[in-house]
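Written out below as structure tokens is the structure these notes cover.
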Amino acid sequence: MVATLHDPDLPDDLYEQLQELATVENRSINTQVITLLRNALSAKRKQAEDHRRQNVAKLLEETRHRHRVNPADLGLPHLQPHY
């Protein structure tokens, strides 16, 4: 299924820039809009994924450096896991 975007009310200067770019890249305005949207969305997805990866890496690093606490150090009994 192909969605249709009707009359997006683009400002004249933006439409002119879009038209110029489409002409330079030998595309229709419609194809140019789709190309620009795909590229922008792809960049945003990559940026979000990179940010998530950085957060995971930071969390893992913080976890590695976290001091392990022995329950006995806090006066708590050592509990054996139940298998």
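Data overview
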quantity: Test: residue in the range 21-29 that is within 30 Å of VAL2 (Cβ to Cβ), hydroxyl-bearing (Ser, Thr, Tyr), within 29 Å of the chain's Cα centre (by Cα) and not in a helix (DSSP H, G or I); calculated: yes
quantity: THR4 among the hydroxyl-bearing types (Ser, Thr, Tyr) and part of a helix (DSSP H, G or I); calculated: no
quantity: Residue match in the range 71-78 (condition: of a type outside the set (A, V, I, L, M) and under 30 Å from GLN19 (Cα atoms)); calculated: no
quantity: Matching residues in the range 31-50 - criterion: being surrounded by fewer than 11 Cβ atoms within 10 Å (Cβ to Cβ) and either among the aliphatic types (A, V, I, L, M) or under 19 Å from ASP9 (Cβ atoms) (or both); calculated: ALA40, LEU41, ALA43, ALA48
quantity: Any pair with Cβ under 9 angstrom, 6 or more apart, that starts in the range 51-78 at a residue that is exposed (fewer than 10 other Cβ atoms within 10 Å of the Cβ) and ends at one that is assigned to a helix (DSSP H, G or I); calculated: PRO77/PRO71; HIS78/PRO71; HIS78/ALA72
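Quick note: the coordinates plus some simple rules give every number you see, no bench work behind them. In this text the structure is predicted, and so the values were computed from the model without any measurement. All Cβ positions, even for glycine, are placed from backbone atoms using ideal geometry, and neighbour counts span all protein chains on display.
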